[in-house]
1. It is to be established whether one or more residues within the range 229-243 are within 15 Å of ALA317 (Cα to Cα), in contact (Cβ under 8 Å) with a residue 24 or more places away in the chain and not in a loop (DSSP other than H, G, I, E, B).
2. Which residues, taken from the range 301-327, are buried (at least 18 other Cβ atoms within 10 Å of the Cβ) and among the aromatic types (Phe, Trp, Tyr)?
3. Only one residue in THR298, THR245 is in contact with a Leu (Cβ under 9 Å, 6 or more places away or on another chain), surrounded by 16 or more Cβ atoms within 10 Å (Cβ to Cβ), of a type in the set (Val, Ile, Thr) and at pLDDT 95 or above, so which one is that?
4. With the requirement that a residue be within 17 Å of ALA183 (Cβ to Cβ) and not in a loop (DSSP other than H, G, I, E, B), what does the range 196-228 give you?
5. Just to check your reading of the model, which residue among VAL287, VAL264, VAL269 is aliphatic (A, V, I, L, M), in contact with a Phe, Trp or Tyr (Cβ under 8 Å, 6 or more places away or on another chain) and touching a residue at least 24 places away in the same chain (Cβ under 8 Å)?
6. If I ask for residues that are touching a Lys or Arg at 6+ places or on another chain (Cβ under 6 Å), in a strand (DSSP E or B) and under 14 Å from ARG220 (Cα atoms), which ones from the range 276-321 would you list?
7. Could you say which residue among ASP263, ASP247 is of a type outside the set (A, V, I, L, M) and within 30 Å of GLY189 (Cβ to Cβ)?
8. Inside the range 221-236, can you point out the residues that are of a type in the set (D, E, K, R) and in contact with a Gly (Cβ under 6 Å, 6 or more places away or on another chain)?
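The values are calculated or read from the model by the stated rules, or taken from the named source; none is laboratory data. The structure displayed is predicted, hence computed values, not measured ones. Ideal geometry is used to build each Cβ from the backbone, glycine not excepted, and the neighbour counts take in all protein chains shown.
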Amino acid sequence: MNGKRDKNQGPRNPWVRKTDAEEEADNPTPEPDLPPSPWSLEVPARPPSPWDTPDAGTTPGAGSPGDKADPAPGTAGSAPSTWGSAGAAAGGPAAGGAGVQGAGEAGAPWGERVGPPSLRRPEPVKKKGFKLPPVVIPIVAGLAVVVLVAVALTLLTGGDDKADPGPVQSLTPTPSYTPPANALPVQFGVSLVPAPGWTLLAKETNGKQVINYGANGAPRAYYWVRQKQNVTANAFALGIVEGATKDRIAQLGNMRNLECPKDVLVECVALSYTLTPSPGATIKGDVEVYRRKDGVVTALDYQVTPDFAATADAAVATMKQSVIASL
């Protein structure tokens with residue numbers, strides 16, 4: 001006897017522990033199907049990297065077939081940095097390593113190896129203050145000395161109180177015209193002497209207006225003198241013509257610049273127009289405006305029918321001269 005019990009013979013001793021092999025023999029259970037392990041799948045080849053450069057100096061590494069090992073930093077096959085200069089090699093001084101002693105370190109044939117640019121906001125550029133050119137400084141200093149000397153002399157002498165300041169110019173013209181007894185005063189020293197056959201329109205409150213009537217009592221022409229202040233002669237003329245031609249068929253001429261007949265006048269313009277109040281009937285109109293230095297603007301508004309124009313023009317010329325003489 002060898003002291004060993006034959007397998008599957010006799011009753012089982014409860015005090016003897018079964019081995020794993022015996023357990024599996026006594027309780028055969030089917031082993032479940034396991035899912036495929038992800039580690040047993042085929043690993044695809046590494047895609048090409050934009051940092052790989054197919055230089056002649058690269059050697060295949062231990063990676064997937066067809067891949068190229070990264071060239072050693074500082075060798076002829078190293079890829080240039082995308083930041084514009086050669087980047088620091090892995091394990092080099094920029095990475096905290098010992099670096100690679102390249103053949104061109106003494107002469108630095110690849111340029112200075114620096115890392116990518118900083119992403120921090122760059123410091124603002126200090127603006128340089130204005131500086132006078134050296135040539136200008138003596139000139140400015142000389143002018144300053146002249147001004148200081150003039151101020152000192154003025155303070156010491158107290159100025160010349162007896163100096164003649166010269167004539168004071170006044171914007172208001174000196175009245176040198178004496179209107180006749182039959183003159184119609186307008187305003188601001190301006191007056192109108194009506195021609196024979198022209199009568200005053202009494203109801204007019206703005207300036208003075210004289211009218212010439214025909215044999216049938218119908219007006220044939222009128223001459224109107226009115227004034228404004230602080231406007232231009234051009235604007236005053238346009239306003240008068242717009243009022244005369246409003247809601248009426250009219251044809252306007254061009255604004256004309258007149259030669260001012262007196263030195264006291266600074267702006268002289270004229271504007272002509274034609275009205276058609278009814279078919280076959282026309283009225284000729286003309287506006288002349290004169291602006292003085294003191295801002296007073298005088299307008300001469302004239303309208304006449306064509307059949308009376310020749311006679312009225314001669315009378316209006318004398319009335320115009322009386323107004324200009326009083327300006």
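1. No.
2. Matches in the range 301-327: TYR302 only.
3. THR298
4. Answer for the range 196-228, where residues must be within 17 Å of ALA183 (Cβ to Cβ) and not in a loop (DSSP other than H, G, I, E, B): THR199, LEU200, LYS208, GLN209, VAL210, TYR223, TRP224, VAL225, ARG226, GLN227.
5. Only one candidate qualifies: VAL287.
6. VAL304
7. ASP263
8. Taking the range 221-236 first, the residues of a type in the set (D, E, K, R) are 226, 228.
The one that is of a type in the set (D, E, K, R) and in contact with a Gly (Cβ under 6 Å, 6 or more places away or on another chain): ARG226.
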